[in-house]
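The values are calculated or read from the model by the stated rules, or taken from the named source; none is laboratory data. None of the values given here were measured: they were computed from a predicted structure. Glycine also receives a Cβ, built like all others from the backbone with ideal geometry; neighbour counts cover every protein chain displayed.
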Amino acid sequence: MPEATKQQLQTLQQALQEVGLHRRINTDPALLALYDHDVFFQAAHRPLAVLQPRRCDEIGPLVTCAGGSELSIEVRAGGLSYSGGYLPQNATSVILDVSLLNGIDYAHQTTDIVVVEAGATWQQLDDFLHGSGMRPALSAPFSGSVSTIGGAIRQGLPADMHAVLALEIIAADGTVFHTGSLATDALSCSAWRGQGPDLTGLFIGDCGALGILGRAWIKLEPQPLHRRFFACAVNAPDEYLSLLEALAPLPGNYRAYCFDPGRSKNLQTQGFWQQLRTGARVLLGKSNPLQTVQSAGQMFRTLLQWRDTALSGTWGVHVICESHCRQEANALERRAADTAASRGFRRLTTSVAEVLNTRPYSVRGMLGRRYERWLPAHGIFPLAARRKLGATLLKALDDIRRRLGPERVECHMLLINAGRHHVLIEPMFLWDGELYPLHLKHCPQAEQKSPPANHPVSDTEIWEARKDLVALMDSLGAQHVQLGRSYEYLSRLNPVTRRLIRQLKRGVDPGNTLAPGILGLTTKEDA
Ligand SMILES: Cc1cc2nc3c(=O)[nH]c(=O)nc-3n(C[C@H](O)[C@H](O)[C@H](O)COP(=O)(O)OP(=O)(O)OC[C@H]3O[C@@H](n4cnc5c(N)ncnc54)[C@H](O)[C@@H]3O)c2cc1C
């Protein structure tokens, strides 16, 4: 380590000593090695140290000490992103690890708003709400057993972000401020986002460029009283999009997933015991013995369906319809069924939809069935733009597969509705690559994997292929969440908006201390 860098680290340690936080710095080489990569990217620089606050009010002083030592700060929560969002960009970076901040409580005098600390996971929130009849009014990612609500807020989710009511933000100089209605009165977080410009929105999807999240106030909603499930097989993703268009005008909520013929990747990568547990959760959720027996029968038929060769080239569509009103839930299911019947889509059993409804968190999907590496890319498109969208992307994916060699890379595609009028399309690559400590930490069974075969495809080739695909999606009008350092943002803005974002960053982080380079804000001049 260069002498000047050593000096900076010592300055940090001294500053922490002075504020009584010297136990919050960790320089264990194994931890630094675990934190120098995410699910896909390997950082060019290892962090100098990891700062681990144990209370939210420690974030401010830790940030002040690191900034005062002229160190860059990256924030890591669950660490399960693949956008390079928390990786050091220079040799003088520390990582602020918020994963120990797991507190969850109801907001002052309410039972329909929770306050979650930056490291609280979706699973912890589900456990907290267990038996209350309530759930967060935004959908959790599949990675929710490890990934955090804070991480999802900072990266953005494709829908439901109106459920984030207020935020506690720590600025680059260590000062703490609140957004939403908390900006005026720290006791009154109403279910309304607050007066004046929407400051909460500024810190959603900014990937940590504008400040550090300490706590978030999240709206809850009652579990819907009525649910219906529907599933069918379609021949191509564009047929699924036509089903979404048919559902969009109806009241009630729905989540509709479409998996390519490679089948439900997530469910099939789960181990036997995990599948059994998930199945048991579905059955235990049934309100009477008849439903339990019917559901068990469906599961058995689903297993048979997976072996049905007539379905082997088809895409599985799995829809969860929800409402507090029985008629609305029924109407959604009926509309899906009528649309499928009129277009000749074959009905499937609904077990997969029922399983998806139990929020089957699993991080096993970060690797393929044979522990291949995995990298998805996504685009969010308006349904109105759907003409041949699926076919165009499938062709591009096929070209990539041919270019890289079908024996070296597997390509898949997953689609999910993003609210009522948008769809998220997620092509993904699987290849036989080197595994990192993060993969082995979360999938220890992958230790048994044999080393990559001869001439494996390299991460660089995968990255180039992904870039081509994202450029194509962008040319078709895609928008993205999880921007981090892996999607174009700044360069896609028109010049006036670009200037505004730069001024904003400069205003809140004049030294470009926080996550330099994130969102394309690369230099001090940007900041
Ligand atoms: C198997 C698997 C399944 C997945 N499924 C989904 C899915 O269904 N839907 C989906 O959207 N994503 C999914 N993801 C991607 C990822 O898990 C999510 O995007 C998740 O929300 C990231 O949260 P995290 O806590 O891991 O954040 P991290 O990876 O730790 O951080 C993400 C970004 O947010 C910033 N950040 C985090 N916390 C803070 C904070 N307190 N202050 C400032 N900045 C902060 C980081 O700097 C980084 O830029 C999946 C990933 C895996 C591996």
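Structural remarks
- Given (1) closer than 20 Å to V50 by Cα; (2) crowded, with 20+ Cβ neighbours inside 10 Å, number of the condition Q89 does not satisfy: (2)
- If only residues of segment 61-77 that are within 26 Å of the chain's Cα centre (by Cα) and outside any strand (DSSP E or B) are counted, the one that is surrounded by the most Cβ atoms within 10 Å (Cβ to Cβ) is A77.
- Scanning segment 329-355 for residues that are surrounded by fewer than 19 Cβ atoms within 10 Å (Cβ to Cβ) and within 13 Å of R227 (Cα to Cα) yields a count of 3.
- Count of segment 241-280 residues, restricted to those that are closer than 19 Å to C411 by Cβ, at pLDDT below 95 and hydroxyl-bearing (S, T, Y), is 2.
- Looking across A453, A515, one residue alone is touching an Asp or Glu at 6+ places or on another chain (Cβ under 6 Å) and surrounded by fewer than 17 Cβ atoms within 10 Å (Cβ to Cβ). It is A453.
- Restricting segment 76-125 to residues that are out of contact with any strand residue (DSSP E or B) (no Cβ under 8 Å at 6 or more places or on another chain) and either more than 11 Å from the ligand (Cβ to nearest atom) or free of Cβ contacts under 8 Å to residues at least 24 places away in the same chain (or both), the residue that is nearest to L519 (Cα to Cα) is A91.
- Residue within segment 402-414 that is in a loop (DSSP other than H, G, I, E, B) and within 17 Å of the chain's Cα centre (by Cα) present: no
- Note on segment 36-50: among residues that are within 17 Å of P516 (Cβ to Cβ) and of a type outside the set (G, A, S), the one that is surrounded by the most Cβ atoms within 10 Å (Cβ to Cβ) is P47.
- If the condition is being assigned to a helix (DSSP H, G or I) and more than 34 Å from the chain's Cα centre (by Cα), then segment 14-58 contributes Q14, A15, Q17, E18.
- Hits in segment 469-527 - residues which are hydrophobic (A, V, I, L, M, F, W, C), part of a loop (DSSP other than H, G, I, E, B) and touching a residue at least 24 places away in the same chain (Cβ under 8 Å): L476, A478, V481, L483, A515, L521, A527
- Segment 325-336 residues that are in contact (Cβ under 8 Å) with a residue 12 or more places away in the chain, paired with ones that are of a type in the set (V, I, T) (beta carbon under 6 Å, 6 or more apart): A336/V319
- When segment 63-75 is filtered for residues that are near the ligand (Cβ under 9 Å from one of its atoms) and among the aliphatic types (A, V, I, L, M), only V75 remains.
- Segment 159-170 - residue that is under 24 Å from H108 (Cα atoms) and either in contact (Cβ under 8 Å) with a residue 60 or more places away in the chain or in contact with a Cys (Cβ under 8 Å, 6 or more places away or on another chain) (or both) and, of those, farthest from the ligand (Cβ to nearest atom): L165
- Checking the stated criteria, L514 turns out to be farther than 25 Å from D399 by Cα, within 15 Å of the ligand (Cβ to nearest atom) and either modelled with pLDDT of 95 or more or of a type outside the set (A, V, I, L, M) (or both).
- Residues within segment 242-255 that are of a type outside the set (F, W, Y), over 15 Å from F345 (Cα atoms) and outside any loop (DSSP other than H, G, I, E, B), tallied: 4
- Hits in segment 128-158 - residues which are in contact with a strand residue (DSSP E or B) (Cβ under 8 Å, 6 or more places away or on another chain) and near the ligand (Cβ under 10 Å from one of its atoms): S139, G144, S145, V146, S147, T148, I149, G150, I153, R154, P158
- Being touching a residue at least 24 places away in the same chain (Cβ under 8 Å), among the polar types (S, T, N, Q) and either outside any helix (DSSP H, G or I) or within 30 Å of P444 (Cβ to Cβ) (or both) holds for only one residue in T392, T349, and it is T349.
- Single condition Q123 does not satisfy, out of (1) more than 28 Å from V423 (Cα to Cα); (2) in contact with a Gly (Cβ under 6 Å, 6 or more places away or on another chain); (3) outside any strand (DSSP E or B): (1)
- Set A246, A183, A209, A236: member being within 16 Å of the ligand (Cβ to nearest atom) and either hydrophobic (A, V, I, L, M, F, W, C) or more than 18 Å from the chain's Cα centre (by Cα) (or both): A209
- Residues that are among the hydrophobic types (A, V, I, L, M, F, W, C), in a loop (DSSP other than H, G, I, E, B) and closer than 21 Å to F40 by Cα, drawn from segment 86-106: L87, A91, V98
- Test: residue in segment 159-172 that is in a loop (DSSP other than H, G, I, E, B), at pLDDT 95 or above and more than 23 Å from I425 (Cα to Cα): yes
- Filter result for the condition that a residue is outside the structural domain of S145 (by TED's automatic domain parsing), of a type in the set (S, T, N, Q) and more than 26 Å from Q479 (Cβ to Cβ), over T392, T460: T460
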